[in-house]
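Presented below is the structure to which this report refers.
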Amino acid sequence: MDFSIHITDWVLTQPFRISGFEWINSRCLVVELSEDGYVGRGEAQGVFYLDETAESIFEQAHTVADDIRRGVSRGELQDLLPAGGARNAIACAMWDLECKRAGKTIWQLTGIDPKPVTTVYTIGLEDSPEAMAAKAAAAADAPILKIKLRSHMPYEKLAAIRAARPDAVLVVDANQGWSFEQLQEVLPKCVGLDLAMIEQPLARGGDEQLEGFESPITLAADESCLHTGELDTAARRYSMINIKLDKTGGLTEALRLAKAAKARDCKLMVGNMVGTSLSMAPSFVVAQLCDFVDIDGPLLLKYDQPNGLEYINGVVKGFDPALWG
């Protein structure tokens, strides 16, 4: 099997800010596996809050090049690399190659029935409530908005957005930016704003106070649940799990986590690390199992892959197998 990797750089339409980070582009690791005239591809960005970069996962992928060329299986890959961006890109390329060699779609291989899903549209962090409300108003075609917040004026920003978009479903992502005390203060105020859920309000490793805490709004784990090995702890603190393929290290583990989380009566969300449709396609598979879908990465980019996902007013209908799967 031929194994090649490279890094691509995709420019965002505008700077994208969350609590503690800002991006102007999306740097992606792309893996290509070739065998018998068939080519499988996978893309990953890495887990930024674990200090992964396109360059670091490029180097990590290189360490298993000989094993990949020897033809290890998807199952064996789980033991060769830890969960993270490098394993994700390779695993997704393996799934794609398997589909092409077998002449089957990803839906036939997984046994999942595809249907259109509605993705959130992300409103990046701004300093003032007015600026965030303006962004929300400009996204009038998006029925579900995901609001990035930090500890500065969260309620005021949410109230301004709700006034600008009384029709929208609102979900919040604090990206570990709040304290438990602030969460306790903000939650009662936010009940009247009809929020669908709040994602990762507290820091990873600093959210033990959520055990036994009864929140009036659904709380979701993102940074606090990377893979199935962290599910037991996360499920005691959160009622929803955000699955991202870069976190789980690929579609194989993502599907395993989805099944295990459902068995714990957790709701599910699928998220993204702002990649192209090549990253979103396998996430679209996981989206079929989820209550909330966040695969709007390509909408934040100036350009996308050929044969990319089709977005119409927030609805994602699917993708062409020429892209992936």
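The values are calculated or read from the model by the stated rules, or taken from the named source; none is laboratory data. All of these numbers come straight from a predicted model, not from anything done at the bench. We place every Cβ from the backbone using ideal geometry, glycine too, and count neighbours over all the protein chains shown. The area values use the complete protein model at the heavy-atom level, side chains included, leaving out ligands, DNA and RNA. Shrake-Rupley method; radii C 1.70, N 1.55, O 1.52, S 1.80 Å.
Scan the range 170-179 for residues that are crowded, with 16+ Cβ neighbours inside 10 Å and either more than 15 Å from ALA136 (Cβ to Cβ) or without any contact (Cβ under 8 Å) to a residue 40 or more places away in the chain (or both) and jot them down. I'd like the intermediate steps shown before the answer.
Initially, the range 170-179 is screened for residues crowded, with 16+ Cβ neighbours inside 10 Å, giving 170-178.
Result: LEU170, VAL172, ALA174, ASN175, GLN176, GLY177, TRP178.
If a residue must be of a type outside the set (D, E, K, R), over 29 Å from ILE123 (Cβ atoms) and surrounded by fewer than 21 Cβ atoms within 10 Å (Cβ to Cβ), how many such residues does the range 33-55 contain?
Final tally of qualifying residues: 4.
Among the listed residues GLU98, GLU126, identify the single one that is under 21 Å from GLY250 (Cα atoms) and open to solvent by 20 Å² or more (accessible area, probe 1.4 Å). Break it down into steps so the answer makes sense when it comes.
Numbers: GLU126 fails: under 21 Å from GLY250 (Cα atoms).
Going through GLU98, GLU126 in turn, just one is under 21 Å from GLY250 (Cα atoms) and open to solvent by 20 Å² or more (accessible area, probe 1.4 Å): GLU98.
Out of ALA137, ALA160, ALA142, which single residue is assigned to a loop (DSSP other than H, G, I, E, B) and aliphatic (A, V, I, L, M)? Steps first, answer last, please.
Values: ALA137 fails: assigned to a loop (DSSP other than H, G, I, E, B); ALA160 fails: assigned to a loop (DSSP other than H, G, I, E, B).
After applying the criteria, what remains is ALA142.
Just checking, which of VAL30, VAL72, VAL64, VAL11 is within 15 Å of GLY275 (Cα to Cα) and surrounded by 15 or more Cβ atoms within 10 Å (Cβ to Cβ)?
Details: VAL72 fails: within 15 Å of GLY275 (Cα to Cα); VAL64 fails: within 15 Å of GLY275 (Cα to Cα); VAL11 fails: surrounded by 15 or more Cβ atoms within 10 Å (Cβ to Cβ).
Matching residue, one of VAL30, VAL72, VAL64, VAL11: VAL30.
If ALA163 meets every condition in (1) open to solvent by 50 Å² or more (accessible area, probe 1.4 Å); (2) in contact with a Phe, Trp or Tyr (Cβ under 9 Å, 6 or more places away or on another chain); (3) within 17 Å of GLY192 (Cβ to Cβ); (4) of a type in the set (A, V, I, L, M) apart from one, which number is that one?
The failed condition is (2).
Run down THR105, THR122 and say which single residue is of a type in the set (Ser, Thr, Tyr) and either under 24 Å from GLU230 (Cβ atoms) or at pLDDT below 95 (or both).
Details: THR105 fails: either under 24 Å from GLU230 (Cβ atoms) or at pLDDT below 95 (or both).
When all the criteria are applied, what remains is THR122.
Please verify whether ARG150 is of a type in the set (Lys, Arg), in contact (Cβ under 8 Å) with a residue 12 or more places away in the chain, under 26 Å from MET240 (Cα atoms) and open to solvent by 10 Å² or more (accessible area, probe 1.4 Å), treating the condition exactly as stated.
Working: of a type in the set (Lys, Arg): yes; in contact (Cβ under 8 Å) with a residue 12 or more places away in the chain: yes; under 26 Å from MET240 (Cα atoms): yes; open to solvent by 10 Å² or more (accessible area, probe 1.4 Å): yes.
Yes, satisfied.
Residues of the range 261-279 being aliphatic (A, V, I, L, M), over 14 Å from MET240 (Cβ atoms) and in contact with a helix residue (DSSP H, G or I) (Cβ under 6 Å, 6 or more places away or on another chain), which ones? It would help to see each step written out before you state the result.
Start the filter on the range 261-279 by keeping residues that are aliphatic (A, V, I, L, M), which leaves 261, 263, 268-270, 273-274, 278.
Subsequent filtering for residues that are over 14 Å from MET240 (Cβ atoms) retains 263, 273-274, 278.
Across the range 261-279, the qualifying residues are MET273, VAL274.
Could you look through the range 180-199, keep only residues that are charged (D, E, K, R) and not in a helix (DSSP H, G or I), and pick out the one that is surrounded by the fewest Cβ atoms within 10 Å (Cβ to Cβ)?
Just the residues of the range 180-199 that are charged (D, E, K, R), to begin with: 181, 185, 189, 194, 199.
This time we only want the ones that are not in a helix (DSSP H, G or I), so: 194, 199.
Values: ASP194: 12, GLU199: 27.
Applying the filter and picking the extreme gives ASP194.
Please list, ordered by residue number, the helices (runs of 4 or more DSSP H) wholly in the range 213-325 having 3 or more residues that are open to solvent by 50 Å² or more (accessible area, probe 1.4 Å).
Numbers: elements: 231-237, 245-248, 251-263, 277-287.
Filter on the range 213-325 gives 231-237, 251-263.
Mind counting the residues in the range 129-147 that are open to solvent by less than 10 Å² (accessible area, probe 1.4 Å), farther than 17 Å from LEU301 by Cβ and in contact (Cβ under 8 Å) with a residue 60 or more places away in the chain?
Counting residues in the range 129-147 that are open to solvent by less than 10 Å² (accessible area, probe 1.4 Å), farther than 17 Å from LEU301 by Cβ and in contact (Cβ under 8 Å) with a residue 60 or more places away in the chain gives 0.
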